[in-house]
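Below: one structure, written as structure tokens.
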Amino acid sequence: MNIEHNHSLQAFNSFGFTAYAEHFITVSSDEQLLEALATANSEKWPVFLLGGGSNLVLTRPIPGLVIHLTNQETTYQQQSDGTTLVTVAAGKPWHEFVVETLDNDLAGLENLSLIPGNAGAAPVQNIGAYGVELNTRLHSVRAYHRASASWQTMKPSDCAFSYRDSVFKQNPNEFVITHVTFLLSASTPAVLSYAALNQALTANNINTNPENAADNIALAKIISQTVINIRQSKLPDPKIIGNAGSFFKNPVVDAVHAQTLKAAHPNLVAYPQPDGRVKLAAGWLIDTLGFKGYRKGNVGVHTEQALVLVHHGGGTGEELMSVAQEIITKVDANFDVRLEIEPVVV
Ligand SMILES: Cc1cc2nc3c(=O)[nH]c(=O)nc-3n(C[C@H](O)[C@H](O)[C@H](O)COP(=O)(O)OP(=O)(O)OC[C@H]3O[C@@H](n4cnc5c(N)ncnc54)[C@H](O)[C@@H]3O)c2cc1C
């Protein structure tokens, strides 16, 4: 077992902050994982599970043992009804996995193209984009539950999924996700509820009503490429400027609150929810307060995307959190809305 000490995490967090893991190990099998966990137990080290670091704000060194899962295996099990169970190991880069499923003529994950990070972390915040959330495609999650020292195969109903949330996010580092299984097929219906995606397809005269599985797969591949194009035009690339994508969740308020805000701010961007409440665009709230392009030292808000906080280089996670707090305070004071931070803060 190769445990490294004071291991730099600069390449393991998409903000690019300088931070260290007290102890660090990569594991590629169940046996190695259990050995690493046993060592952490006997040394009384806390454990931190690290994927690609694209949803993390590191404000300090991570104490104890950081475990990075690297197994990238994918397996396919055809079912008698024409669907396929696809199992991906935690270390596989998410987007590579999405592309692989499409190359294998399986539709269902195309709207989630180009989300950074690894497959093992995808259920943690129930990743979502362009009208699809992971839980709608999920068959099961295989995880090692540390408290009961047992392997579990968890169905979506066991995972307490909601918007950017799950039992895994609520109980950090308790469940080590080693594999994620999806139920996909050539005929998984396309989801085109997201206006920008729908408009882009219509503008290119794409037939969005496929008549057979072959046409459906062709459409899924076009959707994937369209999502990639939209994302590349809208979101800053962490390789060029440090960021973790959307920094705040879109807040959900009751209908009366939304009506009051709409009366005061006719341009308010708001989406009615099935439960009668209303989801507000956090980016709009932040932008309206003039934060777009705001810079404080080496951190700030992206010039084009008010929802994306950025690291210009040479800054710290603590500095970033102080900008986040400034935004939270001002949004609360002006709109009576409490913004919640989406990434995991260490
Ligand atoms: C430019 C950009 C765009 C983004 N766009 C989106 C988007 O559209 N939608 C969206 O939902 N997210 C988005 N994100 C956020 C991020 O990509 C996802 O949350 C992603 O799933 C994080 O994966 P990761 O491997 O980097 O996880 P990490 O950042 O390494 O970890 C995130 C959390 O998961 C835990 N974790 C990691 N691996 C495991 C494991 N094997 N078992 C248990 N817990 C684990 C960690 O302890 C941590 O709490 C974006 C980020 C960036 C930088």
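The values are calculated or read from the model by the stated rules, or taken from the named source; none is laboratory data. Quick caveat: nothing in here was measured; it's all calculated off a predicted structure. Every residue, glycine among them, receives a Cβ derived from its backbone with ideal geometry; neighbour counts consider all protein chains shown. Protein only, heavy atoms only, side chains kept; ligands, DNA and RNA dropped before computing areas. Shrake-Rupley method; radii C 1.70, N 1.55, O 1.52, S 1.80 Å.
Which of these, Ala90, Ala333, Ala122, has the largest mean-square fluctuation under a Gaussian network model of the chain (Cα springs below 10 Å)?
Ala333
What's the extension gain from Asp158 to Asn205 if we count 0.36 nm per residue and subtract their Cα-Cα distance?
12.8 nm
Out of the total accessible area of the chain (probe 1.4 Å, heavy atoms of protein only), what percent is carbon and sulfur?
Result for the chain: 49 percent of the exposed heavy-atom area is carbon or sulfur.
Each residue of the range 295-302 in order: what ³J(HN,Hα) in whole Hz does its phi give by Karplus 6.51 cos²θ - 1.76 cosθ + 1.60, θ = phi - 60°, with x for Gly and Pro?
9, 10, x, 9, 10, x, 10, 4
Around Thr74, what is the net charge, scoring Lys/Arg as +1 and Asp/Glu as -1 over all other residues with Cβ under 10 Å from its Cβ?
Net local charge, Thr74 excluded: -2.
For n ≥ 4 DSSP H runs only, could you compute -39500 (n - 2.57) per run for the chain, divide by its residues and tell me the 222 nm figure to the nearest 500?
-8500 deg cm²/dmol
For the chain, with a Gaussian network of springs between Cα atoms less than 10 Å apart, report the residue from Asn207, Asn173, Asn126 with the top mean-square fluctuation.
Asn207
Rounded to the nearest whole Å², what accessible area per residue is found for the range 72-162 with the 1.4 Å probe?
40
Rounded to the nearest 5, what % of the DSSP beta bridges within the range 47-138 are antiparallel ones?
In the range 47-138, DSSP labels about 65 percent of beta bridges as antiparallel.
Just how far, in whole angstrom, is the range 292-327 from the range 1-76 if you go by their alpha carbon centroids?
When both Cα centres are located, 26 Å separates them.
Using a 10 angstrom cutoff on alpha carbons, build the Gaussian network for the chain and name the most mobile of Asp237, Asp103, Asp165.
Asp103
List every residue whose amide H lies under 5 Å from the amide H of Gly64, counting only residues 5 or more places away in sequence or on a different chain, with H placed 1.01 Å from N in the peptide plane.
Hits under the 5 Å cutoff: Glu22, His23.
Tell me which residues come under 5 Å, amide H to amide H, from Val57 once H is placed; ignore anything under 5 positions away on its chain.
Result for Val57 returns Val344, Val345, Val346.
Taking +1 at the Cβ of each Lys and Arg and -1 at the Cβ of each Asp and Glu, which of Val141, Thr288, Tyr163 sits farthest along the dipole of the chain towards its positive end, judged by Cα position relative to the Cα centre?
Thr288
Excluding residues on the same chain fewer than 8 positions from Lys292, give the lysines whose Cα lies under 30 Å from its Cα.
Lys169, Lys234, Lys239, Lys249, Lys262, Lys279, Lys330
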